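Report on the following structure.
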Amino acid sequence: MLSSLQFTLVVPVLPRIPELLGTSAADASWLMTITLLIGVVGTPVITRLADMHGRRRMLLTALGLLVGGSFFAAVVPGFAAVMIGRALQGFGTAVVPIGIALMSATVSRDRATLGIALMSGTLGIGSALGLAVAGPLVAWGGLSTIFWVSGAIGAIFLVLVLLRIRETPAASSGRFDHLGAVLLAIGLTALLLAISRGQAWQWTSPITLGLIATAAAVLPLWLLWERRHPHPMIDVRIAMTSPVLPINLASFVATFGMYANHLLTTQEALSPSATGYGLAAATATAGAYLLPSAVVMVLLSPIAARVISRFGGRVALMLGAGIMAGAFVFRMLVHSDPIAVMIGSGLVGVGVAFAFAAMPSLITASVPSDQIAAANGVNSVVRTLSGAVAAALFAFVIATLPSPVDDAYLSHFALVLSFGTAAACGIITVVIAAFLRLPENKEHA
C-alpha cells in the first residue's frame with residue numbers, strides 16, 4: 001500500500017500545485033514524473049542488491065529513502081524541495097518485491113501465499129486511497145499534510161521491520177553488474193520520459209523522438225550485455241521466456257485496466273453534468289467514488305489467497321481479469337449516476353484484488369529462489385510503466401476527443417471508448433493467463 005500510495009497521492013492536487021508552490025503547470029507535472037522515473041530506474045538495482053546483500057537491509061534502505069523524502073518535502077518549503085522529496089519517495093517502489101522475497105524465504109509456503117496476496121492487494125488499495133484522501137488532506141492542512149501522512153506511515157513500517165523482521169542469508173553471489181545497471185537506467189529513463197512527457201513536448205518534437213531513439217538503441221544493447229554477463233543484474237534468459245514473459249505481459253495489461261479505473265472514475269466524478277456523464281463533484285470529494293474499489297480489495301485479499309492456494313495463481317488471474325472485463329462492460333453501458341459509478345468502481349476492485357494477488361505468486365513460482373526479489377522488481381517496473389502508458393494515453397484521448405462543453409474532459413464517446421479499451425485489456429489478460437504453463441510442482445504456488 002505504501003509504495004503505490006506515493007504515485008497517486010499528489011494526482012488530485014496537481015491542478016493546485018502552481019498556486020501552492022508558485023510554479024507553472026508544466027513544472028508541477030514533474031512531481032509525478034520524477035517519482036515514476038526513480039521508481040522505474042531504482043527498483044531493479046535495489047532488488048538485485050537485495051538478492052545479493054540481504055533483503056532486510058535493502059528493504060530498510062528503500063523505506064528509509066521513502067520516509068526521508070516524505071519528511072524533507074513536508075519540512076523544507078519550495079518546489080525544488082518537494083521535487084527532491086518526491087524523487088526519494090520513488091525508491092518505495094522496491095518495497096513490495098523485496099517484501100515478497102523476504103516472505104518467500106522466511107515463512108511456510110501457505111503463509112507466504114497468503115502474505116503475498118495480501119501485500120499485492122494493497123497495491124491497488126494504496127492507489128485508490130491516494131486518490132481518495134489527498135484532496136481532503138490538503139483542504140484540511142495544506143500540501144505538507146500529504147507528505148507528513150506518507151512519512152508517518154512509512155516510519156511505522158520502518159520500525160516494524162527493524163523490530164520484527166530478521167535478515168535472510170544472501171540468496172545470490174557474484175559481482176554487481178554495474179554496466180548493466182547503467183545501460184538499463186539510461187534506456188528506461190529515455191523510455192519513461194518519452195511516454196510520460198510526449199504529450200506535453202509533442203510526440204514529433206526532436207526531444208521526444210531523440211528519447212525514443214535512445215531507448216530503442218540502448219535497451220537492445222542492454223539485453224545483449226545481460227545475456228553474456230556471468231552475473232547479470234536481470235537474468236534475461238529467464239525474463240524473456242515462458243512463463244515469466246507472458247506473466248509480465250499480463251501484468252502490464254491488467255495494471256492498465258486498474259489505472260483506467262482510477263482515471264476514468266475521477267473523470268466521471270469531476271466532469272460537469274453538461275458533458276452527459278459528469279457528476280460535477282468537488283475536487284475534495286471526487287476521490288470518494290474510488291473508496292468502494294479500495295474497500296473490496298481489503299476484504300477480498302484473503303479470499304484471493306485461498307483461491308491461489310487451492311486452484312493456483314493462473315486461475316486467480318483469469319478470474320480477476322474476467323471480472324475486470326465484465327465490470328468495464330457494465331461501465332460502458334451504465335454511467336452518469338453516482339451509485340452506478342461507485343458500483344462499477346467497486347466491481348473493478350473485485351477483479352483487481354484477484355489479479356494483483358496472482359501476479360507476484362506466479363512470478364515467485366516461476367523463477368529460482370535466488371532471483372525472487374529481482375524478478376518481482378522487474379514485474380513492479382512493468383506495472384509502473386503500464387501506469388505511465390495509461391496516463392499518457394488518457395491525456396492523448398482528452399486532447400484528441402475532448403468534450404464540446406469543456407476541453408479539459410473527455411467527450412461522452414471518448415469515455416465509452418475508454419471503458420471498452422479497458423474491458424479489452426481484461427479479456428486479453430484472461431487469454432494470456434489461459435495459456436500460461438508453470439513449472440510442474442509449482443502450479444499452486
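Read-outs: derived from the displayed coordinates by stated rules, not from any lab. Given the structure is predicted, the values throughout are model-derived calculations rather than measurements. Virtual Cβ from ideal backbone geometry, glycine too; neighbours counted across all protein chains shown.
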By how many nm would the segment from residue 295 to residue 162 lengthen if fully extended, with 0.36 nm per residue of separation less the alpha-carbon distance?
45.0 nm
Among 329, 75, which comes first, then next, by fewest other beta-carbon atoms within 10 Å?
75, 329
Over all alpha-carbon pairs of the chain, lay out the pair-distance distribution in 10 Å bins, whole %, shortest bin first.
5, 22, 33, 28, 11, 1, 0
Could you tally the net charge around residue 226, taking each other residue with its Cβ under 9 Å from the Cβ of residue 226, Lys/Arg +1 and Asp/Glu -1?
+1
With a 10 Å cut-off between alpha carbons and a GNM built on the chain, which of 247, 234, 212 moves the most?
212
Find me the longest stretch of the chain that has none of the exposed trypsin sites (Lys or Arg not before Pro), where exposed means in a DSSP loop (not H, G, I, E or B) with at most 11 other Cβ atoms within 10 Å.
176-436
Fluctuation leader among 77, 246, 97 - the chain, Gaussian network, Cα springs under 10 angstrom
77
Which angle between 0 and 90 degrees, to the nearest 10, do you get for helix 178-201 versus the longest principal axis of the chain when only C-alpha atoms count?
10 degrees
Pairwise FRET efficiency - residue 203 versus residue 179, Cβ, R0 = 25 Å, nearest 0.05:
0.20
Net lengthening on full extension, residue 110/residue 213 (0.36 nm per residue, minus Cα-Cα)
32.5 nm
Within the range 373-416, name every residue whose backbone N is under 16 Å away from a label modeled 7 Å from Cα of residue 274 along the Cβ vector.
402-412
Ranked 162, 88, criterion: other C-beta atoms within 10 Å, fewest first:
162, 88
GNM, the chain, Cα, under 10 Å: largest mean-square fluctuation among 220, 402, 232?
220
Cα centroid of the range 231-310 to Cα centroid of the range 140-161, whole Å:
23 Å
What is the distance, in nm, between label points placed 7 Å from the Cα along the Cα-to-Cβ direction at residue 417 and at residue 139?
3.3 nm
Provide the FRET efficiency to the nearest 0.05 for the residue 76-residue 435 pair, computing r from the beta carbons and using R0 = 35 Å.
0.10
Given the C-alpha centroids of the range 388-434 and the range 56-71, what is the distance between them in whole angstrom?
35 Å
Can you sort 167, 226 so the residue with the fewest Cβ neighbours within 10 Å comes first?
167, 226
Please give the calculated 222 nm ellipticity per residue for the chain, where each DSSP H segment of at least 4 residues contributes -39500 (n - 2.57) and the sum is spread over every residue; nearest 500 deg cm²/dmol?
-26000 deg cm²/dmol
When only DSSP loop residues count, what chymotrypsin sites (Phe, Trp or Tyr not before Pro) in the range 57-155 have their Cβ near at most 14 other Cβ atoms within 10 Å?
none
